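Submitted below is the structure of interest, expressed as structure tokens.
The values are calculated or read from the model by the stated rules, or taken from the named source; none is laboratory data. Note that this is a predicted model, so its numbers are computed, not measured. All Cβ positions, glycine included, derive from the backbone under ideal geometry; neighbour counts span all protein chains shown. Accessible surface is based on the protein model in full, side chains and every heavy atom, while ligands, DNA and RNA are left aside. Shrake-Rupley method; radii C 1.70, N 1.55, O 1.52, S 1.80 Å.
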Amino acid sequence: VSQQRAVAGQWFHRMPAASMMPFRGVARIWSPARQLLAVQVRGKHALPSWATVDPDAMCSSSPGIGRNLCGGEWSDAAKTMDVIDPMNGEVMIKVPDTDFSEIGPYVERMKNCPRSGLHNPLKNPERYNLLGEVCAKAAQEMRKPEVKYFYARLIQRLTPKSWVQANAEPTITRKFLENYSCDQVRYLAKSFGVSGDHTGQNSTGIRMPFGGCGVVTPFNFPLEIPALQTLSGVFMGNQITTKVDEKVQLCVEQFLRMMHHVGLPKTDVDLIYSRGPVMNQILVDGNARMTLFTGSQHVAEKLCSDLKGKVKLEDAGFDWKVLGPDPMDVEYVAWQSDQDAYAFSGQKCSAQSMLFVHENWNKEGIVEKLAEAASKRNLKDLTIGPVMTWSTKRFMAHVEACLKIPGATLAFGGKPLTGHTIPEVYGAVEPTAVRIPIESLKDPECFKVAISELFGPFQVIVDWKEGQLPLVLQMLNGMENHLTAGVVSNDIRFLQHVLGNTISGTTYAGIRARTAGAPQQHWFGPSGDPRAGGIHTPEAIKLCWSSHREIVYDFGPVAADWKGTQS
């Protein structure tokens, strides 16, 4: 029996979330079967000691429970929200539904945080060492196989994506923690000095925190984005209140519990489960000194107005890729374009939204190869999955709107998925592309439709010819958002021209250029907007989470024969 359980546990460990669907159906009738299977998994992957949920066992009869954190204390709200399983619609988590009447403690904590922060180069510098040590211990914790599995599996349950995609988040988060271990946190606050005009005078530039700040992030990266931005704010001396999309916030709650386990002070970060307007009220009433927002452009603009510009944004991403005049490595480029457009069902702010295909690439059959790659995606391995913010009906309506553009054709896809139990509130659609002649996009109304962001497995393919590069550049710069881009070419002069005349914040250039998959070692964020924020790098952390302060020291001595003259 033990041998059979071991085999079953190994098989269960390798199963993608979609393969769990039969067991989730069984769990509704006989939940002990599911719990036994979860126990078998834990034979291979023990639940971390700090974890309060089991991602393999969450179901309607045994839901995961989320809790708020304020002032170092975990608590509940008067009401709860149900979070459904995106693969079958059953309730799998219950989280606090914090009301406006319950936000007082959050507001007071944010409002009363010192403007000079919890630490800065002149106050409590010991905390730089503490946080470096915490990062080292947290990275070590995340190297444990059971911890990596825990996060990847929890992510996969909350936002169904392939096992490779789900594993990427804990890996990047762990590498980020390694990057900021030991002395690296204090290096973020490195100062510089300039000599003065006379003996005893010099000026020193230091990085200062803002005080009480906010982090608001979306559903698509439930660990990486909120974890990295929250810690970045703490590194620079800020006290952070974090809110993630309530459908996935359980992941960052577990991350904070892990951070407390390795020594992060429990009062450094508050965490609230709530509807968007409730968090908005906390930020306004608490006079948030800075808020990092990742998400839709509509909400970004509202926050910017409500918070009087005290924001950094990594808002909506309608991202482009241009295939230049020199095709090569066609199979690779087709594979990368499929990954950029359809990995995690296109639900990345860096997803490839518009692909400009030079006529030379069409001679190589690039679109046909892309269609072939996209056709292999399926629910079984979650290389395609639920669309969390667009229903199937709404998705198809946008496809139809694009097809009404003169000359537009359906390149591939365009059909709802079948044979699944994904609830109607979410979308379930094949990877889809609509092909549009570049001449049709000269019409402003057609262009507006074509560049409307669909946060799902959809892209627009635009054909262009030699001599039309000025028109291509006009369209690239006419888009509202400038987050990521790819210029696929090894033609140096072509690259220089395109790169020199565009502004996307994270641009990949060369024959292996992509739009998505930003690792922890380079800047990721938009450009062309003074509110633009970033993530990962020291430059991003300092830009978002601190401000420059100049201290001019002037100790003298005053000359014995000094005489002052009024002016």
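Hey, which aspartates and glutamates would be in cross-link range of residue 415, C-alpha to C-alpha under 18 Å, not counting anything within fewer than 8 residues on its own chain?
Excluding near neighbours in sequence, the set is 338, 368, 372, 400, 424, 430.
Here is a further query. Which far-off residues, 5 or more places away or on another chain, put their amide H under 5 Å from the one on residue 93, with H placed in the peptide plane?
64, 83
Still on this structure, I have one more. State, to one decimal in nm, how far the label point of residue 179 lies from the label point of residue 554, with both points 7 Å from Cα in the Cβ direction.
4.1
To the nearest 10 Å², what's residue 302's accessible area with a 1.4 Å probe?
100
What's the carbon and sulfur percent of region 93-203's accessible surface, probe 1.4 angstrom, rounded to a whole number?
Numbers: 2530 of 4920 Å².
C and S atoms contribute 51 percent here.
Which listed residue (353, 113, 332) has the Cα farthest towards the positive end of the charge dipole for the chain, taking +1 on Lys and Arg C-beta and -1 on Asp and Glu C-beta about the Cα centre?
Positive-end residue among those listed: 113.
Amide H neighbours of residue 239 under 5 Å, counting only residues 5+ apart in sequence or on other chains, H built in-plane at 1.01 Å?
118, 211, 212, 213
Run through region 408-468 and list the GluC sites (Glu not before Pro) located in a DSSP loop whose Cβ has at most 15 other Cβ atoms within 10 Å. Don't skip to the answer; put the middle values down first.
Numbers: sites: 424, 439, 445, 453, 466; in loops: 424, 453, 466.
The qualifying sites are 424, 466.
Around residue 317, what is the net charge, scoring Lys/Arg as +1 and Asp/Glu as -1 over all other residues with Cβ under 14 Å from its Cβ? Walk me through the numbers on the way to the answer.
Details: positive: 321, 348, 514; negative: 314, 315, 319, 340, 453, 480, 529.
Summing Lys/Arg as +1 and Asp/Glu as -1 gives -4.
According to a simple spin-label model (label point 7 Å from Cα along Cα-to-Cβ), what is the distance in nm between residue 124 and residue 332?
Distance between the two pseudo-spin positions: 4.9 nm.
Now, a different point. How large is ³J(HN,Hα) for each residue in region 404-416, as worked out from phi by the Karplus curve 6.51 cos²θ - 1.76 cosθ + 1.60 (θ = phi - 60°), to whole Hz, x for Gly and Pro?
7, 5, x, x, 6, 9, 7, 6, 5, x, x, 10, x
Same structure, new question: Can you list which of the DSSP-assigned H helices in the chain have a Cα extent of 15 Å or more along the long axis and an average Kyte-Doolittle score of at least -1.0?
Working: long enough: 2-14 (18 Å, -1.09); 31-44 (21 Å, -0.22); 126-142 (24 Å, -0.35); 145-158 (20 Å, -0.23); 163-179 (24 Å, -0.64); 224-235 (16 Å, 0.87); 250-261 (17 Å, 0.25); 330-342 (18 Å, -0.75); 392-403 (16 Å, 0.25).
Sorted by number, the helices that extend far enough and score high enough are 31-44, 126-142, 145-158, 163-179, 224-235, 250-261, 330-342, 392-403.
Next question. Please work out the C-alpha center-to-center distance from region 432-508 to region 114-173 and express it in whole Å.
36
Name the residues whose placed amide hydrogens come within less than 5 Å of the amide hydrogen of residue 290, ignoring near sequence neighbours (fewer than 5 apart) on the same chain.
214
Let me have the 222 nm mean residue ellipticity of the chain computed from DSSP H runs of 4+ only, each contributing -39500 (n - 2.57), with the sum over all residues rounded to the nearest 500.
Details: 20 runs with 214 residues, N = 567.
For the chain, the value works out to -11500 deg cm²/dmol.
Please turn the phi angles of region 199-204 into ³J(HN,Hα) values with the Karplus equation 6.51 cos²θ - 1.76 cosθ + 1.60 (θ = phi - 60°), one per residue in order, whole Hz, x for glycine and proline.
4, x, 10, 7, 10, 10
Apply the Karplus curve 6.51 cos²θ - 1.76 cosθ + 1.60, θ = phi - 60°, to the phi angles in region 57-68 and return the couplings in whole Hz, x for Gly and Pro.
Listing the rounded values in order: 9, 4, 7, 4, 7, 9, x, x, 10, x, 9, 7 Hz.
If you don't mind, there's one more thing I want to ask. Can you give me the accessible area per residue for the chain, using a 1.4 Å probe, in Å²?
Solvent-accessible surface per residue comes out at 41 Å².
Find which of 239, 269, 201 sits farthest along the positive direction of the dipole of region 184-286, computed with +1 on the beta-carbon of Lys and Arg, -1 on that of Asp and Glu, about the Cα centre.
After comparing all options, I get 201.
If you keep only loop residues by DSSP, which chymotrypsin sites (Phe, Trp or Tyr not before Pro) in region 462-567 have at most 14 other Cβ atoms within 10 Å of their Cβ?
Answer by residue number: 555, 562.
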